[in-house]
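Undergrad: For reference, the structure I am asking about is given below.
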Amino acid sequence: MVTSIASTGLAAVVSLASVASLTLTGGHAGGPPLEWGTGPLTVDSLPRVPYVAHRGGAREVPENSMSGLMAAYRRGTAQVLDFDTRVLRDGTPVVFHDATLNRTTFLGGEVRGLDAGEWPNVRLRPRSRLPGSWPAERPPTVAEVLDRFGGRIVLMLEAKDPRGLDRLAALIRARGLTRSVFVNTGDPEVARRVHGLGLLSQLWRSARLLRTDRPERWRSYVDVLDVDIKARDADLTRAVRSGIPRVWAHTVVTPAQRDRALSLGCNGVITDIPGRLSRHPVRGPGVVSAALGR
């Protein structure tokens, strides 16, 4: 059941049509992206140390919104766009973090209580602390994000509800994006399933879990180990030495956190502030060399 939390100001709600000028040319429906010739951009094109815009860069843009993802893409301060996914009652995958609508929209209730016909009535409520002015737009579906950005930039999606994994896999495969999209989960068994579906798997581990993890067990099926920046040095070092090719620190919100992660050998930065981080040079003994792959 969905209940109204706020109705004031809804007359001024701006639909996605108002940001139609941001629409990219090309894409899945219109042929291959012009920037990349005849094929999509893949993970093989990533720099030695990529920046990932977490939820689009949630301290700089409205999280998990089309306009926020578009802004992050156009700014060019991140090489990977991250977003979360949930599943509606009818199985439609949508871009959303929480299990309920309460925190980030004008409505309340469970996301899975809605179907695709009801989803257009949802409007995101941008945080007042965000810089700039943002529309109270509808959260996109996963298909819309894949069609807008797929092959133009590497994407990272978190499968918050594993029951939607087969549908997500079908969307990714249909667009030829199996080497362009990381599928994230906090469950090693779901990561194994992601790998078995022919997708790029990403495994998130908290600081608490990293204390007892043996990440070398996962190297045959995990493409990115997503490690908590709050973890101990020894635990991050063990992750880096696990044999998993990409160990990316999450969620980085200060230059000092980034520099620590790089100094310990992490080779990717998942951040809420890609724009601000890009303005701060990497510092610290050995950190610059690590960032440059030396």
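Undergrad: Quick check: net charge around Pro162, other residues with Cβ under 12 Å of its Cβ, Lys/Arg +1 and Asp/Glu -1?
TA: Summing Lys/Arg as +1 and Asp/Glu as -1 gives +1.
Undergrad: So for segment 65-193, considering every pair of alpha-carbon atoms, how many percent are separated by more than 19 Å?
TA: Across segment 65-193, Cα pairs with separations above 19 Å total 49 percent.
Undergrad: Can you tell me the Rg and Dmax of segment 139-280, counting just the alpha carbons, in angstroms?
TA: 15.3, 41
Undergrad: Let me ask something else. Counting only heavy atoms of protein chains, what accessible area per residue, in Å², does segment 137-285 have with a probe of 1.4 Å?
TA: 39
Undergrad: Any idea what the relative contact order of segment 78-178 is, in percent, if you count C-alpha pairs under 8 Å spaced at least 6 apart?
TA: Computed value for segment 78-178: 34 percent relative contact order.
Undergrad: Taking 8 Å as the Cα distance limit and 6 or more residues as the minimum spacing, I'd like the relative contact order of segment 183-294 as a percentage.
TA: RCO, segment 183-294: 19 percent.
Undergrad: Between Ala174 and Glu118, what is the label-to-label distance in nm when each label sits 7 Å out along the Cα-to-Cβ direction?
TA: Between Ala174 and Glu118, the label points sit 2.3 nm apart.
Undergrad: Give me, ordered by chain and number, the residues 5 or more places off Leu114 or on other chains with an amide H under 5 Å from its own placed amide H.
TA: Amide H to amide H, under 5 Å and 5 or more residues apart or across chains, Leu114 pairs with Arg89.
Undergrad: How do Arg152, Arg129, Arg193, Arg211 rank by accessible surface area computed with a 1.4 Å probe, from largest to smallest?
TA: Arg129, Arg211, Arg193, Arg152
Undergrad: Right, another one. Which residues in segment 74-112 place their backbone N less than 11 Å from a point set 7 Å from the Cα of Ser278 along the Cα-to-Cβ direction?
TA: 74-80
Undergrad: Over the residues of segment 100-139, compute the C-alpha Rg and express it relative to 2.2 N^0.38 Å.
TA: 1.23
Undergrad: Let me ask you something else. Within the accessible area of segment 184-294, what % is carbon and sulfur when the probe is 1.4 Å and the other protein chains stay in place?
TA: With neighbouring chains kept in place, the figure for segment 184-294 is 50 percent.
The values are calculated or read from the model by the stated rules, or taken from the named source; none is laboratory data. Since this is a predicted model, take the numbers as computed values, not measurements. Ideal geometry is used to build each Cβ from the backbone, glycine not excepted, and the neighbour counts take in all protein chains shown. The accessibility values were calculated without ligands, DNA or RNA, using every heavy atom of the protein model including side chains. Shrake-Rupley method; radii C 1.70, N 1.55, O 1.52, S 1.80 Å.
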